[in-house]
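One structure is given here, and the rest of the page talks about it.
What follows is calculated from the coordinates using simple rules that are stated; it is not laboratory data. Computed from a predicted structure; not experimentally measured. Every residue, glycine as well, gets a Cβ built from its backbone with ideal geometry; the counts of neighbours run over all protein chains shown.
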Amino acid sequence: MLTPSPGQRLQVSKDGDWAVSIHGSDADRVVVCAVGGDGVIIPFSEEGGRRWVAPSPLIRDTPLEVIAYITDDRSGGFVNAAYPIHVEIAGQVHSFPEPDGQLAAVILAEIYAKDGVWRAKVANEGFTFGIDAYARARNLKNADFPSRPRREGAPSRPPRGATASGSGVLIAPGLVVTNAHVIEDGTALELGRSRNKLRPVAADLIHDLALLEGEVEGEPMALRHGAPLWLGESVLAAGFPLMDVLGADLKVTTGNISGLTGSSGDVSRFQFTAPIGSGSSGGAVIDEFGNLVGIVSASLAHGNMRDRGSISENVNFAIRAGMVYEMVAAAGFPIPEAKPSLNCDRRDVVQRLRKSVVSIIVHF
């Protein structure tokens with residue numbers, strides 16, 4: 001068995017057979033296919049033992065990309081857990097390298113012809129947000145990837161050319177945290193105030209967090225992840241709700257921690273009462289000193305509660321700052337070093353918020 005390195009070019013035969021064998025713990029969730037330079041999707045057939053076989057011949061007159069992806073990535077998970085992955089080319093088995101980043105869709109090989117000779121580049125690159133992100137990057141409209149489940153009752157994607165907005169928090173130089181759902185289905189991201197480009201570098205779909213990189217002016221906010229939250233503690237929420245109605249300046253509201261868990265006892269979240277609105281998602285929940293204790297994620301569906309004969313107001317949820325800390329570490333970024341603040345002067349706290357909480361424009 002050969003072990004090629006990332007970026008290595010393998011000379012291949014145009015009429016050689018191709019197969020991909022998946023041996024890791026998440027192998028049952030991974031599907032393999034190829035995509036032609038003309039946008040044609042070429043399914044691989046699954047054989048026993050988690051082995052995917054390409055139609056013969058696989059190579060045609062256009063370049064190809066061989067892709068392994070999590071078929072149900074909206075439930076979380078990355079292809080990394082499915083390694084080792086072995087790619088068999090014309091009878092020769094290669095153990096392909098695992099990606100450095102956490103990816104839900106991995107381009108295993110890029111197949112192309114140069115000077116009349118067909119080559120396969122060992123890619124091990126891909127997309128944190130899965131095969132949908134790959135399709136957007138390749139401009140594959142209405143792509144029908146094999147074994148891709150449809151979500152019952154899922155809202156349609158925004159029309160092409162539409163924009164939406166959300167909020168984010170600067171936690172380290174050039175590193176912004178927001179909700180994964182804020183940037184879902186977006187084709188381009190930028191800061192609201194500077195229009196500088198942002199790019200996703202990591203995502204935790206289960207906890208609804210995403211990390212973005214870019215040129216961001218401001219002052220990173222300190223994370224409070226060691227000291228526990230306490231019930232009734234005063235907090236502020238900061239973000240950019242309803243920018244098309246309320247304007248593009250930062251909005252700050254006050255409240256308290258009303259519950260130490262999220263829905264169904266989810267300990268990664270907590271409840272707070274500071275009012276929020278559409279566009280607040282990804283914004284900051286801070287303590288009285290201006291330290292980040294959570295990332296705004298959702299409000300209780302008040303309409304649904306009224307339909308059940310109940311009344312609910314200002315029941316909002318945030319993701320604990322400790323989850324942000326763990327995600328940054330897991331993604332391989334330097335641990336944020338901003339020192340916790342001990343200054344509780346409200347004016348100073350709000351001025352620091354202006355330097356740390358940003359608006360995010362999402363283009364579809």
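Worth a mention:
- Among T178, T187, a tally of other beta-carbon atoms within 10 Å of each Cβ gives an order, fewest to most, of T187, T178.
- Neighbours of G290, meaning other residues whose beta-carbon lies under 12 angstrom from its beta-carbon, give a summed charge of +2 when Lys and Arg score +1 and Asp and Glu score -1.
- Mean-position separation - Cα centroids, the stretch 60-117 and the stretch 8-30, in angstrom: 7 Å
- Neighbourhood net charge (15 Å Cβ-Cβ; Lys/Arg +1, Asp/Glu -1) for P43: -1
- Counting lysine pairs in the chain that sit 8 or more residues apart in sequence, or on different chains, and whose Cα atoms lie under 17 Å apart gives 4.
- 12 Å beta-carbon shell around F96, net charge (K/R +1, D/E -1): -2
- Relative to the dominant Cα principal axis of the chain, helix 346-356 is inclined by about 10°.
- Student exercise, the chain dipole from Lys, Arg, Asp, Glu Cβ charges, in Debye to nearest 20: 580 debye
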